[in-house]
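Let me begin by presenting the structure, written as structure tokens, before commenting on it.
Values quoted throughout were computed directly from the atomic coordinates according to the rules given, and no laboratory measurement underlies them. Because the structure is predicted, anything quoted here is derived from the model rather than measured. Glycine also receives a Cβ, built like all others from the backbone with ideal geometry; neighbour counts cover every protein chain displayed.
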Amino acid sequence: MKKIIFLSIILMCCNNSIFSAEPKGIIDSILIAYSEQKVAEIQKVVQFTDQQAQHIVNIEYNYLLGVQKAENCSCCNTGKRIEKAAKTKDEAMKKVLPSALYIRYKAVENQQIKIRSLWAN
């Protein structure tokens, strides 16, 4: 009886990890579009290069994909996986951006600096 329960738990975990490892077409495109839009808006304020922006889009996409996988995993500790994804994202961002730009990026991302459109009078 214990073996059957143990095997069923393992199969459920493996099943979730196998299906969540394959990015879904619609979800994948939404995550990419969101990452591109977020980085484009922040780039107007922080003013990093287009090459850095492309790296940041990839970092943001991988972070969102990791969060999505953590949310869909039924036998994982979701909080720890999200924290790990956030740490990985921050480390990658520090490699791409100089420290001054990284601080500005985090300030805009955490809404400590507001993005406002300029109105011509």
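Summarising the amide proton neighbourhood of ILE113: residues at separation of 5 or more, or on other chains, whose placed amide H is nearer than 5 Å comprise VAL108.
Can you list which of the trypsin sites (Lys or Arg not before Pro) found in segment 29-121 are DSSP loop residues with at most 11 other C-beta atoms within 10 Å? Before the final figure, lay out the partial values.
On the way: sites: LYS38, LYS44, LYS69, LYS80, ARG81, LYS84, LYS87, LYS89, LYS94, LYS95, ARG104, LYS106, LYS114, ARG116; in loops: LYS114, ARG116.
Listed in order of number, the matching sites are LYS114, ARG116.
Approximating the spin labels as points 7 Å out from Cα along Cα→Cβ, the ILE113-to-ASN62 distance works out to 2.5 nm. Pairs to check: LYS44/LYS106; LYS84/LYS106; LYS44/LYS80; LYS69/LYS95. Give those whose C-alpha atoms are more than 21 Å from each other in this structure. Over 21 Å Cα-Cα: LYS44/LYS80; LYS69/LYS95.
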